[in-house]
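Heads up: the structure comes next, in structure tokens.
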Amino acid sequence: VYGGVVIGNGDAKDNKVTIDGGIVKRDVYGGTVVGNGNATGNKVFIKNKVTIERFVNGGCVASNGNAKNNEVTITDATVKGNVFGGYVYDNGSAINNTVSISGGKIGYDDDIDSGNVYGGRASNETASGNKVFIKNKATIVTLFFINTLLPVALPLPTTVPP
């Protein structure tokens, strides 16, 4: 599911995805650039017992560019893969992205590679100003990350109290 996608070079800006109930078998992206460009101001809202079988990403850049000011909000839902507010695969920065999780579950019980929550992730440059909010008995199966690739360790699985 894509709110907006650029195949090639360009910007994915101000796209929105809302999923309210049901099951999604693939990834969910607010906005993504499959090439060079910026993913800015994209939003994903997942709520009401939805199950996402794979990843959720607010804003994603596959090559060179920045992921900035993207948001993912998950309320009482399950995401079996990882969650990213913003993600840059090659060169660029992840800046001021936000993930908010209230209730529900992130990750598979038997897969330590799933259930990571990143406010922002940049493979080769800066990740700064990103935020992760987890509340209301949300269960995170593995770890969560805010700005860098260094984890904030929690006992696994972790249920965050209200």
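Of note:
- Using θ = phi - 60° in the Karplus curve 6.51 cos²θ - 1.76 cosθ + 1.60, the 3J(HN,Hα) couplings for segment 40-47 round to 9, x, 8, 9, 10, 10, 10, 8 Hz; x is entered for Gly and Pro.
- Principal axis box of segment 68-118, alpha-carbon based, largest edge first, Å: 32, 22, 8
- Whole-Hz couplings from phi, Karplus 6.51/-1.76/1.60, listed for segment 91-106; x for Gly and Pro: 9, x, 10, 10, 10, 6, 9, 9, 10, 10, 10, 10, x, x, 9, 10
- Between PHE133 and ASP90, residue separation times 0.36 nm minus the direct Cα-Cα distance comes to 12.9 nm.
- Sequence-ordered 3J(HN,Hα) estimates for segment 132-141 from the Karplus curve with 6.51, -1.76 and 1.60 and θ = phi - 60° stand at 10, 10, 10, 8, 6, 6, 5, 9, 10, 6 Hz, glycine and proline given as x.
- Gyration tensor (alpha-carbon) shape descriptor, segment 35-76, a/c threshold 1.5: oblate
- Proportion of all alpha-carbon pairs of segment 1-130 beyond 21 Å (%): 31 percent
We did not get these values from a lab; they are worked out from the coordinates using the rules stated. These figures come from a predicted structure and were not determined experimentally.
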